Structures are given as structure tokens and as C-alpha cells.
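Enquirer: Quick one: structure below, then a few questions.
All of the numbers you see were taken from the coordinates with simple rules; none came from a lab. These numbers were taken from a predicted model, which means no experiment stands behind them. Note: ideal-geometry Cβ built from the backbone for every residue, glycine included; neighbour counts use all protein chains shown.
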Amino acid sequence: MTKVLSWLELASNRVDRIAVWISILYAFLVTVTVLASVFLRMAGNAPTWSEEFARWLLVGIAFISASAALKRGSHIGITALVKSIPSLPLVRAIILVSNLLVLTFLVFMFWFGLDAALKAVDQTGDIIPLSVVYVKLHIPLGALMMIIHVLYATAGLFTKDDPREFLLSQ
């Protein structure tokens with residue numbers, strides 16, 4: 001089990017690093033695009049594509065950054081009850097059920113997000129003549145990244161003395 005946990009931890013850490021760098025890049029590009037658009041609009045020569053490009057990047061930020069937030073336990077959660085239970089087997093069972101529910105949701109998100117992305121191959125942006133598939137692929141990509149984090153957290157429940165270390169939200 002420790003070999004699986006080590007591999008999942010490595011995968012989770014690498015996926016997190018990738019998610020953070022993609023989020024930083026997208027945030028930088030949104031900032032530069034919007035600021036340049038504002039200044040160019042004031043000069044009377046605004047690009048027509050800037051709003052759509054910024055919107056596409058914001059979609060990517062939402063789904064990719066959700067993975068980084070999950071890794072850090074930054075999603076909304078009500079953990080006061082779980083943290084107050086003295087029985088570690090009960091805490092472990094509650095966290096396991098919670099993680100399985102989250103995992104089920106993420107698998108559905110991955111499956112239907114991939115389906116939506118593949119159906120959008122022939123659809124192009126309103127202004128930018130690129131396929132929308134590149135925007136919609138952020139949905140299954142973000143879900144897959146979060147699945148890796150949840151699998152690591154779930155496997156970790158059975159290897160540490162205190163399962164509270166592996167709560168998905170802090």
C-alpha cells in the first residue's frame with residue numbers, strides 16, 4: 001500500500017505543480033490581454049478578439065485552479081463535525097464516504113466534460129476562428145487532475161494514524 005501511496009503522492013504533487021503553472025500563465029495572459037485591450041480601446045484601436053480570449057482563459061483558470069485548490073484543502077467544506085469526533089475509525093469511514101462521493105462526481109464531470117468537448121470540435125468561437133474544443137477540454141482536464149488528488153487522499157486514509165490529515169477541505 002505504501003508503494004501505491006508514494007506513487008499517488010508523486011502524481012498528485014506533479015499534477016499540482018502543472019496546475020499552478022498553467023493557472024499562473026493563464027492569469028498573466030488574462031491580465032496582459034485585458035490591460036492591453038483597455039489601453040488600445042482608449043487609443044481607439046481595440047482588438048476584437050481580446051474579450052473572447054480572456055473569457056476562454058478564465059474558463060481554463062476555473063477548472064485547472066480548482067485542482068490546485070483541492071490539493072491545498074481550499075474548497076468549501078464543513079469539517080468541524082469530523083474534526084470533533086474522537087473515534088478515528090468513524091472519522092475514517094466518514095471521510096471515505098465523502099471522498100467516494102466526490103470521486104463519483106468527478107468521474108461524471110470528466111466523462112460528460114470530455115463528451116461535451118468532443119462534440120464541440122466543429123464549433124468555433126464567435127470572433128476567434130479556433131475550435132471551442134480547446135476551451136472545453138479544460139473541464140475533463142481539471143476533473144482528471146482532481147481525481148488524482150482525491151485518489152491520493154483516499155489511499156492516505158488507510159496509511160496514517162490520523163485520517164484528518166487527508167480531509168479534502170480544511
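Enquirer: Can you sort Leu10, Leu103, Leu168 so the residue with the fewest Cβ neighbours within 10 Å comes first? Can you show the working numbers first?
Expert: Numbers: Leu10 11, Leu103 16, Leu168 20.
So the residues, fewest neighbours to most, are Leu10, Leu103, Leu168.
Enquirer: Only helical DSSP H runs with n ≥ 4 go in: add -39500 (n - 2.57) per run for the chain, normalise by residue count and round the 222 nm mean residue ellipticity to 500 deg cm²/dmol.
Expert: Mean residue ellipticity, 222 nm, calculated: -25000 deg cm²/dmol.
Enquirer: Compute the label zone of Ser87 within the range 147-170: residues whose backbone N is under 17 Å from the point 7 Å along Cα-to-Cβ.
Expert: The answer is 163-164.
Enquirer: Along each of the three principal axes of the Cα atoms of the range 45-119, give the extent in whole Å, ordering the values from largest to smallest.
Expert: 65, 29, 14
Enquirer: In which sequence would His138, His75 go, from the one with the fewest C-beta neighbours within 10 Å to the one with the most?
Expert: Going from sparsest to densest Cβ surroundings: His75, His138.
Enquirer: Roughly what angle does helix 138-156 make with the longest principal axis of the chain, taking Cα atoms, 0 to 90 degrees, to the nearest 10?
Expert: With rounding to tens, the tilt is 20 degrees.
Enquirer: What is the helix-to-structure angle for 88-119, meaning the angle in degrees between its Cα long axis and the longest Cα principal axis of the chain, kept from 0 to 90 and rounded to the nearest 10?
Expert: Tilt of helix 88-119: around 30 degrees.
Enquirer: Residues with beta-carbon under 15 Å from that of Leu29, excluding Leu29: net charge, scoring Lys, Arg +1 and Asp, Glu -1?
Expert: The answer is -1.
Enquirer: In addition: What ratio of Cα Rg to 2.2 N^0.38 Å holds for the range 78-123?
Expert: For the range 78-123, the normalised Cα radius of gyration is 1.83.
Enquirer: Let me ask you something else. Straight-line reach from Lys160: which lysines fall under 28 Å, measuring Cα to Cα and dropping same-chain residues less than 8 apart?
Expert: Those lysines meeting the cut-off are Lys3, Lys71, Lys83.
Enquirer: Continuing with this model, one more query. Once each part is reduced to its C-alpha centroid, what is the distance from the range 1-45 to the range 110-152 in angstrom?
Expert: Each part reduced to its Cα centre gives a spacing of 16 Å.
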